[in-house]
Amino acid sequence: MDKLLLKGASVNKLGLGTYRLLGQEGRSVIQEAIKLGYTHIDSAKFYDNEEEVGLAMAQSGADREKLWLTTKIWFTDLSKEKFLPAVEDSLRKFKTDYVDLLLIHWPNPEIPLGETIDQLLEAQHKQYARFIGVSNFNSKLIKEATKLGADMLTNQVEYHPFLSQKTLLDTQSELNISLTAYRPIAKGTVNDNPVIKALAEKYGKSGVQITLRWLVQQPMVMAIPMTSKVHRLKENADVFDFQLTEEEMAAITELTLQNQRFVIPDWPVEWD
């Protein structure tokens with residue numbers, strides 16, 4: 001798999017999203033993913049599956065040092081009193097001394113960003129996390145977090161062929177921060193798009209594979225598709241044996257002007 005090489009990190013650009021991977025079934029999917037070569041595993045406190053993810057990693061037999069584990073702290077736990085205890089609870093559930101990447105899951109306007117960034121940096125100082133970052137931050141907040149001293153590896157946001165993140169990508173490129181795409185295949189609707197279908201036919205791939213190729217072919221973009229179907233794991237990973245042309249990349253990027261979001265939280269969010 002292609003790797004993102006940034007700020008001393010080396011991480012597979014294609015990872016496994018684990019949202020809704022629970023219990024024995026979830027552990028089986030994660031273990032099979034690791035067998036197939038997935039080393040980038042994305043979890044979150046909100047997913048309520050950190051124990052399952054940790055157990056699956058341990059039972060896979062893979063060396064912990066060869067796996068990349070990301071988790072995210074929920075927006076209700078961003079205060080000075082709650083942040084580090086929440087991180088420590090996650091580490092206990094994973095049964096690991098550290099995560100490779102620790103993210104703020106959503107910004108919380110009721111808690112000063114400086115307070116949260118201080119706690120994120122403290123978690124890194126305590127070696128609870130090798131790298132730090134955020135999720136669902138807009139360009140304004142990314143700039144603020146940088147000014148507050150956060151040397152962020154990534155910002156994890158919804159990104160797919162029907163949602164433009166040009167403003168965010170431009171901002172993060174200037175700041176040398178990668179973007180991690182969640183909901184990258186737009187709930188599978190990419191398979192129905194004529195532009196993507198035509199490219200799938202040309203390359204003998206699925207619409208999902210064309211989409212994932214479009215994402216990871218962008219220099220500073222990673223993608224974390226989620227699937228509970230083992231046979232999809234191999235298909236999702238089979239995107240490194242071909243390359244889209246500049247014109248084909250541009251044709252898919254043109255689709256993002258539709259600005260269709262699938263993740264809309266129940267609280268006010270300021271998008272770019």
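When each of Phe242, Phe262 is tested for being touching a residue at least 40 places away in the same chain (Cβ under 8 Å) and over 15 Å from the mean Cα position of the chain (by Cα), the lone residue that passes is Phe262.
Filter the range 1-38 down to the residues that are within 15 Å of the chain's Cα centre (by Cα) and among the β-branched types (Val, Ile, Thr), then identify the one that is farthest from Leu101 (Cα to Cα). If we take residues in the range 1-38 being within 15 Å of the chain's Cα centre (by Cα) and among the β-branched types (Val, Ile, Thr), then Thr18 is farthest from Leu101 (Cα to Cα). What do you reckon, is Gly8 open to solvent by 50 Å² or more (accessible area, probe 1.4 Å) and modelled with pLDDT of 95 or more? Yes; evaluated as a whole, the condition is true for this residue. Could you look through the range 181-205, keep only residues that are outside any helix (DSSP H, G or I) and open to solvent by 50 Å² or more (accessible area, probe 1.4 Å), and pick out the one that is nearest to Thr18 (Cα to Cα)? Per the criteria, the residue is Arg183. Being in contact (Cβ under 8 Å) with a residue 12 or more places away in the chain, buried (at least 16 other Cβ atoms within 10 Å of the Cβ) and among the small types (Gly, Ala, Ser) is the requirement here; does Ser178 meet it? In short, yes. Can you confirm whether Arg213 is basic (Lys, Arg) and open to solvent by less than 60 Å² (accessible area, probe 1.4 Å)? In short, yes.
When Ile41 is tested against (1) assigned to a loop (DSSP other than H, G, I, E, B); (2) surrounded by 15 or more Cβ atoms within 10 Å (Cβ to Cβ), only condition (1) is not met. The listed residues are Thr76, Thr71, and the only one of them that is among the β-branched types (Val, Ile, Thr) and touching a strand residue (DSSP E or B) at 6+ places or on another chain (Cβ under 7 Å) turns out to be Thr71.
Across the range 101-123, not a single residue is classified as of a type in the set (Asp, Glu) and touching a Phe, Trp or Tyr at 6+ places or on another chain (Cβ under 6 Å).
The values are calculated or read from the model by the stated rules, or taken from the named source; none is laboratory data. Please read all numbers here as calculations on a predicted model, not as lab measurements. Glycine gets a Cβ as well: all are built from the backbone with ideal geometry, and neighbour counts include every protein chain shown. Side chains included, ligands, DNA and RNA excluded: accessible areas come from the protein's heavy atoms. Shrake-Rupley method; radii C 1.70, N 1.55, O 1.52, S 1.80 Å.
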